[in-house]
């Protein structure tokens, strides 16, 4: 009788992983309105790519606007990704990847590029 | 490589010794303290091998230059952690010395023993955060230790040229350091 090989069960908690739901913004077009995009903008603000809007009482909109496109472009440059200005799969994959909490261009603890 | 604003660094002196200590009350318990301290010691020694800075572990947490602890969610420094994956850890620019790891992660020192898909390599994150403590900010070189992101179940502990050039520009070179050894390891890892 062949004893079955010991099956190693890998627990998958990735549905609980922070940022895992950012996949829904993949390939969002510039000018489009995608519900929850303000959360993605908060991610970009946290890591130093986007400053808070001064007019709409400190809230981000859900619109993929020009300012957000610039933030995406800067992010791609900083992370060594293909620079497209779009939320392509490379970019979304990098965004969802676990990372260090230190900002890439933090206002609080600034970084100067050499 | 990049630096924090104003290019802060520790002390004027060279060579220099920085002390570090693990928090007496904020550690994880599923990895033994001995194993954790061994991992941190290896991580510090990688940086010490390239710059004239020694790192010494001490017991007195409060008086240590570098203070290491594991915390969950909001832990009082204005930079709350966020649960499984997401932000893994953070550290502060010189001469602050705080080094915090997210207690909600599944930390691992040997992926053969940890099966979770969300397991994170403690040594890779420690080596990265020590770079911040010394004054390095994030690099855009994907293979560099100072690159900001790290995939679960992956490991990145060996300093690359970008890391070494950045930290040596701040502190000078360890007299025993040989660039050839670094180039050899980079060439072999590129071939690998």
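None of the figures in this text is laboratory data; all of them are computed from the coordinates on show. This is a predicted model, so every value here is computed, not measured. We place every Cβ from the backbone using ideal geometry, glycine too, and count neighbours over all the protein chains shown.
Computed quantities for the displayed model
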{"item": "Of B:113, B:160, B:178, the one that fluctuates the most in a GNM where chain B has Cα springs shorter than 10 Å", "result": "B:113"}
{"item": "Cα-only Debye scattering, the protein assembly as shown: base-10 log of I(q)/I(0) at q = 0.15 Å⁻¹", "result": "-1.25"}
{"item": "Measure of compaction for region B:1-153 (Cα Rg per 2.2 N^0.38 Å)", "result": "1.00"}
{"item": "Using a Förster distance of 22 Å, the FRET efficiency for residue B:178-residue B:142 (Cβ separation, nearest 0.05)", "result": "0.30"}
{"item": "Whole-Å distance, taken between Cα centres, linking region B:1-57 and region A:23-102", "result": "33"}
{"item": "Average beta carbon contacts from partner chains per residue of A:17-30, 10 Å cutoff", "result": "2"}
{"item": "Residues B:68, B:31, B:51, A:95, sorted so that the one with the fewest Cβ neighbours within 10 Å comes first", "result": "B:31, B:51, A:95, B:68"}
{"item": "Inter-label distance, nm, simple model (7 Å from Cα along the C-beta direction), residue A:70/residue B:45", "result": "4.9"}
{"item": "Ordering of A:75-86, A:21-32 by burial proxy (mean other Cβ atoms within 10 Å per residue, highest first)", "result": "A:75-86, A:21-32"}
{"item": "Region B:43-94 - Rg and Dmax from Cα coordinates, angstrom", "result": "13.9, 37"}
{"item": "Convex hull projection area averaged over all views, region B:132-185, Cα basis, nm²", "result": "4.2"}
{"item": "Gain in span if fully extended, residue B:54 to residue B:5, counting 0.36 nm per residue against the direct Cα distance", "result": "15.2 nm"}
{"item": "Rounded, prolate or oblate (a/c below 1.5 giving rounded, otherwise prolate when a/b exceeds b/c) for region B:74-163 by Cα gyration tensor", "result": "oblate"}
{"item": "Value of [θ]222 nm, deg cm²/dmol, for chain B, DSSP H segments ≥ 4, -39500 (n - 2.57) each, nearest 500", "result": "-9000 deg cm²/dmol"}
{"item": "Stretchable slack from residue B:37 to residue B:17, in nm (0.36 nm times residue separation minus alpha-carbon distance)", "result": "5.4 nm"}
{"item": "Choice from B:158, B:74, B:110 with maximal GNM fluctuation in chain B (Cα, 10 Å cutoff)", "result": "B:74"}
